[in-house]
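A quick write-up on the structure given underneath.
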Amino acid sequence: LASHEIYIIKNVLSKIPHEIVYKCYPSVRYIDKDPIKEEIKKHKNISLFDKNIDGRYIYSDYRVIMTSRASSTFGWVLASKRPVIYIDPIDNNARMHKKISDLIKSNSLFVDAQTAKWEIKLKEILSQSFENIEYEFLIKNNSNKELLDMLLPLHEKHTQTFTYERLVSGLDNA
């Protein structure tokens, strides 16, 4: 996990023309020095969000949100109505279920880390102006609303376990 995040920080985030606020998840992961936090310190355009606050309470403070891994975080990010850049990770255990990722792939802000040159695609997306990223998201917003409605039915919007199970197992268990 740490090596993949460090790779993204070194090879993508540190090379884009924007200031980045990086929030580790979970906030506290290591007893000794966190290698990801140490890597962040090396890059002028990346600052660490080091408060122990659940992301769902701060997403509205940011214009664009990037996340990775099938977890409840994805549902909260999608619910924020902010542009979402989703990286489906290399690790098969943390990837979205195929039925879900097929829905997300229609969104041009989807990056599959198992494909060749995925980091180039991610860097291209992140190097655009915020206005362009927001516009791209707005065009795809209807598909995101449909996806959100599938993943977070009104009667279960606050059940993180339910969201995680749907992301990993697909919509069959809905």
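The values are calculated or read from the model by the stated rules, or taken from the named source; none is laboratory data. Quantities reported herein were computed from a predicted structural model and do not represent experimental measurements. Cβ sites come from the backbone with ideal geometry, for glycine too, and all protein chains shown count toward neighbours. The area values use the complete protein model at the heavy-atom level, side chains included, leaving out ligands, DNA and RNA. Shrake-Rupley method; radii C 1.70, N 1.55, O 1.52, S 1.80 Å.
Amide H to amide H, with H built 1.01 Å from N, I46 comes under 5 Å of I20, counting only residues 5 or more places away or on other chains. Near K117: Cβ cut-off under 12 Å, other residues only, Lys/Arg at +1 and Asp/Glu at -1. The net charge is -1. Oblate is the label for segment 81-138, because the ratio a/c of its alpha-carbon gyration tensor axes (a ≥ b ≥ c) is 1.5 or higher and a/b is not greater than b/c.
For E131, E38, write out the residues from largest to smallest accessible area, computed with a 1.4 angstrom probe and no ligands counted.
Details: E131 110, E38 60 Å².
Putting E131, E38 in descending order of accessible area: E131, E38.
Based on the Kirkwood approach, the hydrodynamic radius assigned to segment 36-96 is 13.0 Å, with every pair of different Cα atoms included.
Can you flag which of K51/K105; K42/K140; K33/K99; K99/K123; K33/K121; K10/K105 are past 28 Å Cα-Cα? Those over the limit are K51/K105; K42/K140; K33/K99; K33/K121.
In nm, what is the difference between 0.36 nm times the number of residues separating R63 and K81 and their Cα-Cα distance? All intermediate terms of the calculation are to be shown ahead of the outcome.
Values: separation 18, 0.36 × 18 = 6.48 nm, distance 0.97 nm.
Full-extension gain reported as 5.5 nm.
Using a 1.4 Å probe on the protein heavy atoms, what percent of the accessible area of segment 1-118 belongs to carbon and sulfur?
About 52 percent, which is the carbon plus sulfur part of the accessible surface.
Ordered from largest to smallest accessible area (heavy atoms of protein chains, 1.4 Å probe), the residues K15, K33 come out as K33, K15. Counting charges near N11 (Lys, Arg +1; Asp, Glu -1) among other residues having Cβ under 14 Å from its Cβ returns a value of +2. Between H43 and S129, the modelled labels are 2.4 nm apart [label points 7 Å from Cα along Cα→Cβ].
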